1. What are the extents of the Cα atoms of the chain along their three principal axes, listed from largest to smallest and rounded to whole Å?
2. Taking the Cβ of residue 16 as the center, what net charge do the other residues with Cβ under 13 Å away carry, scoring Lys and Arg +1 and Asp and Glu -1?
3. Does the stretch 159-220 classify as rounded, prolate or oblate by the C-alpha gyration tensor (a ≥ b ≥ c root eigenvalues; a/c under 1.5 gives rounded; else a/b over b/c gives prolate, otherwise oblate)?
4. For the stretch 38-94, just say rounded, prolate or oblate: build the C-alpha gyration tensor, square-root its eigenvalues into a ≥ b ≥ c, call rounded for a/c under 1.5, and beyond that prolate if a/b exceeds b/c, oblate if not.
5. Using alpha carbons only, how many angstrom separate the centre of the stretch 59-81 from the centre of the stretch 141-220?
6. If only Cα atoms are counted, what is the Rg of the stretch 1-123, and what is its Dmax, in Å?
7. How much length, in nm to one decimal, is gained on full extension between residue 142 and residue 39, taken as 0.36 nm per residue of separation minus their Cα-Cα distance?
8. If r is the Cβ-Cβ distance from residue 59 to residue 135 and R0 is 41 Å, what FRET efficiency results, to the nearest 0.05?
Amino acid sequence: MSAVTVKVGDDMLRRESDYERGRTSVLFVDMQRIWCEPNLDPTHPQDADSYYHKRLRQTVIPNQVRILEAARAAGCEVLHTIIESLTLDGRDRSLDHKLSDMHVPKGSPEGQVIPELAPIDNEIVLPKTSSGVFNSTNIDYILRNLNTRYLIIAGVITDQCVDMAVRDAADRGYLVTVVNDACATYSPERHEGALRAYSGYCWTTDTDTVVSRIQGLRQA
């Protein structure tokens, strides 16, 4: 798809426009123990030597740590979304999650964000009970209150919850960046297929580029 520039107010914008200080947020999608530690996910059991967990351990988590540290240093808003029911018995879950037997009880240890990315004071954590964070949380309301225009997304699963966040954010008017080497799914084919499928909704780039741009906000 060719690059297109659109005038919005006084700004000329492209999908890959430079980030703006005070208008850039980072969203980490479902980086929880249950999905990121081997054999905790009952719906997709994966041992430590699987493609998925190797990618998380060797590539995705280290890259997300770099993004997180850069975002905090630059004063960007950092948000974490997690799959977690609002109740212990999960009666508030979506029908799809009930049919999929997906339930992370409120407050359960395996539902916590992994230690490497643990939220600090004043960072926002949004529990959700659907694939799409925009469907089962008030994230749109929050991002608008934070004056967000640029939304950087990283997390799991590339072709499921990340996919939903990307498309829904784009539909609501955010300029979305997907960090391709800070996302994971269960095979290289699924990962690359997902990135191709929603490439029209976002700017897809790598951790080095995103970190460099975020660091530039410190001098802006």
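1. Principal extents (Cα only, largest first): 50, 34, 33 Å.
2. On the way: positive: 14, 15, 213; negative: 18, 206.
Net charge around residue 16: +1.
3. Numbers: a/c = 2.71, a/b = 1.44, b/c = 1.88.
Oblate.
4. Oblate is the answer for the stretch 38-94, as a/c is 1.5 or above yet b/c matches or exceeds a/b.
5. 13 Å
6. According to the Cα coordinates of the stretch 1-123, Rg and Dmax are 18.1, 52 Å.
7. Details: separation 103, 0.36 × 103 = 37.08 nm, distance 3.35 nm.
Between residue 142 and residue 39, full extension yields an extra 33.7 nm.
8. Working: r = 29 Å, r/R0 = 0.70.
After rounding, the FRET efficiency stands at 0.90.
The values are calculated or read from the model by the stated rules, or taken from the named source; none is laboratory data. All values derive from a computational prediction rather than experimental measurement. When we count neighbours, we look across all protein chains shown, and the Cβ atoms used for this are built from the backbone with ideal geometry, even at glycine. We work out accessible area using only protein heavy atoms, side chains counted, and drop any ligands, DNA or RNA first. Shrake-Rupley method; radii C 1.70, N 1.55, O 1.52, S 1.80 Å.
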